[in-house]
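Data first, discussion second: the structure below is written as structure tokens.
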Amino acid sequence: MKTGRTPIKFELDELRRRLQEAEETLDAIRSGEVDALVVSGPEGEQVFTLRGAEHPYRVLVESMNEGAASLAPDGTILYCNGAFARMIDTPLDTVMGHKIGEFVEAGETEALAALIERGCSSAIRSEMSLRYRTGVILPTQISLNPVKMDGSPLIAVVLTDLSERQRREEAQEAIRLRDEFLSIASHELRTPLSTLMLQLALLERLDANADPSRFAQSVAKARNQADRMTELTNRLLDVTRIASGKLELDVANHDLGEIVADLVEQMSEEAGKARCEFRLKIENSVIVRCDRFRIEQAILNVLSNALKYAPGHPVSLVVERQGADGVMMVEDRGVGIDPDALTRIFNRFERAASQSGGLGLGLYIAREIVTQHGGSIRAERREGGGSRFCITMPLSIMP
Ligand code: ADP
């Protein structure tokens, strides 16, 4: 019997049928009428449910290096991935229900609350420091995006660990400071060296007997420059000793007031040149346990700065007991220090302003010496202009 259908026509009809079937399936998926798909393949039939389609996303989120979480509008953590739990230093199974604000640095909770408020309505990105229970601070970038889940407003949060970037930036900054320091140090050494060479050339030509006063003048100038170079090299050596932990202290009980009074006497010529008058207010018997030579060095650095940065102004010095501490305060009425530089000036090679003209080592050495004595040093801005430096050391004998 003849059917009237050629094999080619049969294949075309079959293809058309299959295409229509595929189109209908896609339409059904799009309109949400399908719960599951059964796909026949070499491994047999596989069932893909739409619920199962979440699985790849879950795996993706769980394997991210970034911390991901969803927050309620009040900052409660509703869901988070493993990376997020690690970044807030909390076991994954105990994170949910905590507020994200519990894990940020104390000073940043208000800023975070403002971010969450804005994150409820628009995408926003900022930087935030997380605080571990151990006290370690983790710098992060936080991105917030408003999302809706089953009609409820949520915030999707992504945290990126910035500590690596921060370490890189710090390393680059350290290299920049070191290079700047090397250029300043060579310049600082070259100046006295050139003068020294000049004086030596002059001395070679001079006849000491014929012109004794000019000869003596040149010798004095040469000695001055050699002293400056010795001071600079000693500072560099001290920095190396401090960096390698080889600053040895020979401690005994000393009166802080006596140390300061002696130093002021030694510096009278220098103070005269700077047209500065030292005004002293010293309490008796402020006894601290210290290496006298090193503490003198620390105080000298602070006093020399007062003369250098406040020429022509009086410099006040106070030594007194405050509770269990001996305190020394130096106050000048000079150019003062910018608020953002008040802590940074104690770092190695740091100068508050590039035109300071020093090596940026004096205060670093002072801080290292004082802290190795169990004390501290801080800089403040003086009301009405100028700076105040406070050195605090534990008293070794209580009155
Ligand atoms: P420097 O050799 O550059 O003076 P220091 O470590 O002693 O190095 O000081 C660091 C920086 O702190 C200085 O470069 C200067 O900018 C600032 N500074 C220190 N003492 C004072 C002061 N009394 N008044 C103003 N600025 C100061």
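Points worth noting:
- The single condition among (1) over 21 Å from residue 372 (Cβ atoms); (2) under 32 Å from the mean Cα position of the chain (by Cα); (3) more than 11 Å from the ligand (Cβ to nearest atom); (4) in a helix (DSSP H, G or I) that residue 317 does not meet is (4).
- At least 3 residues being open to solvent by 20 Å² or more (accessible area, probe 1.4 Å) is the threshold, and among the strands (runs of 3 or more DSSP E) wholly inside segment 57-133 those reaching it are 124-131.
- Evaluating residue 210 against the criteria (1) among the small types (Gly, Ala, Ser); (2) closer than 20 Å to residue 362 by Cβ; (3) over 39 Å from the mean Cα position of the chain (by Cα) leaves one unmet condition, (2).
- Of the residues making up segment 161-174, one or more are in contact (Cβ under 8 Å) with a residue 60 or more places away in the chain and either under 30 Å from residue 63 (Cα atoms) or out of contact with any strand residue (DSSP E or B) (no Cβ under 9 Å at 6 or more places or on another chain) (or both).
Every residue, every condition in (1) in a loop (DSSP other than H, G, I, E, B); (2) within 14 Å of the ligand (Cβ to nearest atom); (3) over 29 Å from the mean Cα position of the chain (by Cα); (4) not polar (S, T, N, Q), yes or no:
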position	(1), (2), (3), (4)
302	no, yes, no, yes
305	no, yes, no, no
326	no, no, yes, yes
337	yes, yes, no, yes
370	no, yes, no, yes
378	no, yes, no, yes
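- Condition broken by residue 310, with the remaining ones in (1) more than 10 Å from the ligand (Cβ to nearest atom); (2) surrounded by 16 or more Cβ atoms within 10 Å (Cβ to Cβ) satisfied: (1)
- Cβ-Cβ distances below 8 Å connect the following pairs, each with a first residue in segment 71-93 that is closer than 17 Å to residue 138 by Cβ, a second residue that is open to solvent by 10 Å² or more (accessible area, probe 1.4 Å) and among the charged types (D, E, K, R), and a separation of six or more residues or different chains: 77/99; 81/62; 82/62; 83/66; 87/161; 89/133.
- Residues of segment 230-258 satisfying the condition of being buried (at least 18 other Cβ atoms within 10 Å of the Cβ) and under 24 Å from residue 311 (Cβ atoms): 235
- When segment 224-281 is filtered for residues that are outside any helix (DSSP H, G or I) and under 26 Å from residue 192 (Cα atoms), the ones remaining, listed by number, are 267, 274, 275, 276.
The values are calculated or read from the model by the stated rules, or taken from the named source; none is laboratory data. Everything quoted here is computed from the prediction, not taken from an experiment. Heads up, the Cβs are rebuilt from the backbone with ideal geometry, glycines too, and the neighbour counts pull from every protein chain shown. Each accessible area value is taken on the protein alone, full model and side chains, heavy atoms only, with ligands, DNA and RNA left out. Shrake-Rupley method; radii C 1.70, N 1.55, O 1.52, S 1.80 Å.
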